[in-house]
Amino acid sequence: MAPKKREDLKQEDVLQAVVIADSFNVRFCPITEKKPRVLLPVANIPMLDYTLEFLSSSGVQEIFVFCSHLSDQIRTHIRNSKWNESSSSCVVTPVLSEGCRSMGDALREIDAKSLIRSDFVLIYGDTLANIKLQNIVEEHKKRREKDKNSLMTMVFKKAPPGHHTRCKEEEVVMAVENTTNRVVHYRKIGNQKRLEFPVEVLLDHQDVDIRYDLLDCQISICSPQVPQIFTDDFDYQTRDDFVKGILINEEIMGNTIYVNVVKNEYAARISNLQMYDAISKDIISRWVFPLTPDSNINNRENSLSCGRHNVYLSKDVTLARGCILEENVIVGGGSSIGSNTVISQSVIGNNCKIGENVKIMGSYIWNDAVIEDNTVITKAILCDSVHLYKGTTVQPGSVLSWNVKVGPDITLPECVKLTSEPIDDGFGDDLPEADQVTETSPDFGSRGKAYIFKAASDSDDEEELELVHDMWGLNIQSEDEDDISSIASNETDDLSDGSLPPDDYRMFYSEVIDTLRRAREENISTDNMILEVNSLK
Amino acid sequence: MKAESGAAGGNKEAGGASTTTIKKEPVRVPDHLKADDAATQKKLTKKLVKQHIPQRTSAQRKVRLFNHLHQYEREVSLTQSLAFSSSGIHPAVIKLGIQYAEGIISGSNARCLALLATFKRVIADYSTPPQKELSRDLEAKIKPYISFLNQCRLLSVSMGNAIKYLKWNITHIPSDISDSEAKAMLYEGIDGYIQEKIILAADAISDHVKAEKKIINGDVIVVFACSSVVRKVLLDAYKQGIQFRVIVVDGRPRMEGREMLRRLVRSGIKCTYVLMNAASYVMQEATKVFLGAHAMLNNGWVMSRVGTSLIALIAKSYSVPVLVCCETYKFWERGQTDSFVFNELGDPDDVVNIGNKSPYLQDWRTFNSLTLLNLVYDVTPPEFVSLVITELGLIPCTSVPVVLRMKQEKLMKLDKQFYEERKLQY
């Protein structure tokens, strides 16, 4: 008998993944006040399910779902899902931590708990993809065997500029060494039209490609040292900080980051409302195969069947005579649609009742909604249990949060966000109950119960960056910086007590913005920044 | 020009003696359908050498069934052996030939228009040598150009008819006028041809479609590959405000449907794009099929891009009406009932790439028993075609020979007129 070769028996570490189930921003307010973002339905299936399905089909066997905001709901969801059954191929463990404010904090927690043993996949909970990660992980592992300092492989998807699945807030320009796929320069574009590249990028490395055709899906294969580096450096809050920090310290520490560009597969992250819209459309048009609406990811009883022109109908849907489902429509189980209704490019959830003569275009209506006759809904999101009375018109860009009721014969303004309870944002004084009721009734119909939601004001320059991207439903094309500073000053008008700042204030304000922006790019420490701002005075 | 009798199959000249005293005109197969006949090929080579035109290398591996047709190997440069000389080929013609060979200019109308534009350049640069007549010499000058273009890519029917017209015009130029006047006459003739036969004909076809309400609200129209006339008809109907949508069916290897799709989408028409394998799936919801034609044959058959007859067949089986849009200048006196006797063989290497999948056929030449076929045209029988829309009106397929006869008569009348004028002059 030949002696057993012990060298061949190695303990193979299972592939682990860390899913950050919190985006640490408020793009989906007011919806995310009640339900965490990763449990919001996309094509009637919660986002987290897509992510977990993607990871499990890539061979990941141990998943840690890191929850911060409204973590109980996520934990309950996981417990009730198919991932908790003994027959599931991977183990999903929720990790709860209420105090986290960023991805950096999450990784520091994970380092503290020592959950990670080997290379792991770092991903957000709202990612949709059909990439086969096995090959990328293999490549990463092989690279690590040769070079212990290769910390991370970022996965990007190739998409031409202007593609609808590219998030305008997260446009990135990278300089990549072609032969090794190593990242030598990385920056986010924001709203800049011109960029300056340090010459060393091109001189010090051979065969450098500068790429702007990349879609950031925030999928990374990380080595086990990554959480440690986050613990060591408290400034790192996001992956971008990490990448920039590593690149700056490259000469000292010698760590490297690599990139893998996916061409023929799909990957995207639902980071804001435009992405929600774009990715829902992609799912309905079957770009994310095998994660299609009719593939029944979460094993529910009412499965969808795909018909001509991407019309997905559940089994127990009631369609009245004369109703037209044009194309790219999903209708969830138990829903009924009245006669002469026209629905196109939309998703209707479960148990919805849609009346007669309704026109729904490009909208996303979640479960248990009641839409009465003669309403028009265009490019809007209507959450669970929304009730639209007769004759209402919802205009593009609107978001109607949970339980909102909008009264008969009302036309809502464009891009309005409504909640069913008044917001206590410390702005206006607390009006007495009676006043509040009368305040809303002229706006939202005699039976309406809705209050306009205004996002709380953040620091000035963050606000500016928010305005750069298109608001969902509208197109704000800010061509030059004058536009931006004027829009910014208008916003401050709204939020402050109404007086228009005089000219030199405006100039000072714009100079402060420039300084802050420059400081952020060049990673100047806060002390120097304070000195600069003071000197501007 | 000999009117070619279009019998299929090679009826070779009856060798040997016929005992009857009446000498019958032997039925001849035209030379360009005799690629497998060694004698004809030698004659062709000699002719090309005399005209200083490089002969393209014939493909070694052809499908046996198509041995009688020419198939050329793709070469690095067609024009390597061409020298610059005044007796050589005009550079505009060389440019045109390369554009044809590379597929930069494709499509019946486009090729014809490019040809006529090039010949206008040629005429502009031409000067009658002393002791020679323009009408005879120019024709002799043009002959090698046409051979060259034929070598680059087989002449289309539209190009053939345009050349016929041009030659007729050249030979009918009176001998006593100056060069510049003659050139002016020729320009006028060419411009008139383009305006009348191509541009206005397309407008007339579109008007007929509008007048007879062949496109109505709610129509689902299937089109195949790219046809300039069909595109114009659809765009005009859309501008009129008719609500319809289009399904573009595309076929490999040329994928011309993408160009059609691009232009239709740009003007705002709602389009669906499928490949040929989904044709029967989309035909179930189609209400009409609009097809373009490369040529209309005199027995009512339609010659068009390969795949057209398939679409017409599927449409017939689903009882969807098929409308062919074709200008009268593409009508051809020859008749065919199959796609074998006359066709164009494209480059077989174009069929090797199948997009993302791994190219299994990359080394097809190493397999001795394997040959690839890339046909360019096919013929559709008149039973599958409901209507032919021409600038003269909406005619059934069986009326094509009538139109041809009318054209022939008109030409004969003009000829008679011309010769009578000449007789009077002498």
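The values are calculated or read from the model by the stated rules, or taken from the named source; none is laboratory data. Computed from a prediction, not measured in an experiment: that's the story for all the values here. Ideal geometry is used to build each Cβ from the backbone, glycine not excepted, and the neighbour counts take in all protein chains shown. The accessibility values were calculated without ligands, DNA or RNA, using every heavy atom of the protein model including side chains. Shrake-Rupley method; radii C 1.70, N 1.55, O 1.52, S 1.80 Å.
Figures for the structure shown
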item	result
A:E414 - accessible surface, heavy atoms, 1.4 Å probe, Å² rounded to 10	90 Å²
Carbon and sulfur %, accessible surface of region A:137-239 computed with the full protein complex present, 1.4 Å	48 percent
Residue-normalised accessible area of region A:6-273, expressed per residue, 1.4 Å probe, Å²	44 Å²
Among A:221-227, B:45-51, the order from most to least packed when residues are scored by Cβ within 10 Å on average	A:221-227, B:45-51
Sequence-separation-based contact order of region A:260-358, relative, with Cα cut under 8 Å and 6+ spacing, percent	17 percent
The protein assembly as shown: mean projected area of Cα convex hull, nm²	59.0 nm²
Only Lys, Arg (+1) and Asp, Glu (-1) charged, at Cβ; chain B dipole about Cα centre in debye	420 debye
Cut-off 11 Å between beta-carbons: net charge of the residues surrounding A:C100, Lys and Arg +1, Asp and Glu -1	-2
Trypsin sites (Lys or Arg not before Pro) lying in DSSP loop within region B:330-425, provided at most 15 other Cβ fall within 10 Å	B:K357
Surface accessible to a 1.4 Å probe, per residue, for the residues of region B:37-201, Å²	51 Å²
Alpha-carbon centroids, region B:72-151 and region A:305-366: separation in whole Å	61 Å
9 Å beta-carbon shell around A:Y186, net charge (K/R +1, D/E -1)	+2
A:E33-A:E251 pseudo-label distance in nm [points 7 Å out on the Cα-to-Cβ vector]	5.2 nm
Cα gyration tensor, region B:37-201 - rounded (a/c under 1.5), prolate or oblate	prolate
P(r), alpha carbons of region A:192-258 - 10 Å bins starting at zero, rounded %	14, 47, 34, 6
Around B:R262: net Lys/Arg minus Asp/Glu count, Cβ-Cβ under 14 Å	+1
Share of Cα-Cα pairs in region A:195-352 lying beyond 29 Å, as whole percent	44 percent
Cα extents of region A:6-273 along the three principal axes, largest first (Å)	56, 55, 37
Restraint check, A:K82/A:K353; A:K168/A:K188; A:K157/A:K188, Cα-Cα greater than 18 Å	A:K82/A:K353
Accessible surface of region B:319-426, 1.4 Å probe, proportion on carbon and sulfur as whole %	57 percent
With eigenvalues of the C-alpha gyration tensor scaled by 5 and rooted, region A:16-119, Å	21, 19, 11
Given charges at beta-carbon only (K, R positive; D, E negative), |dipole| of the protein assembly as shown in Debye	7660 debye
Prolate/oblate/rounded label for region B:198-333 (Cα gyration tensor, a/c 1.5)	rounded
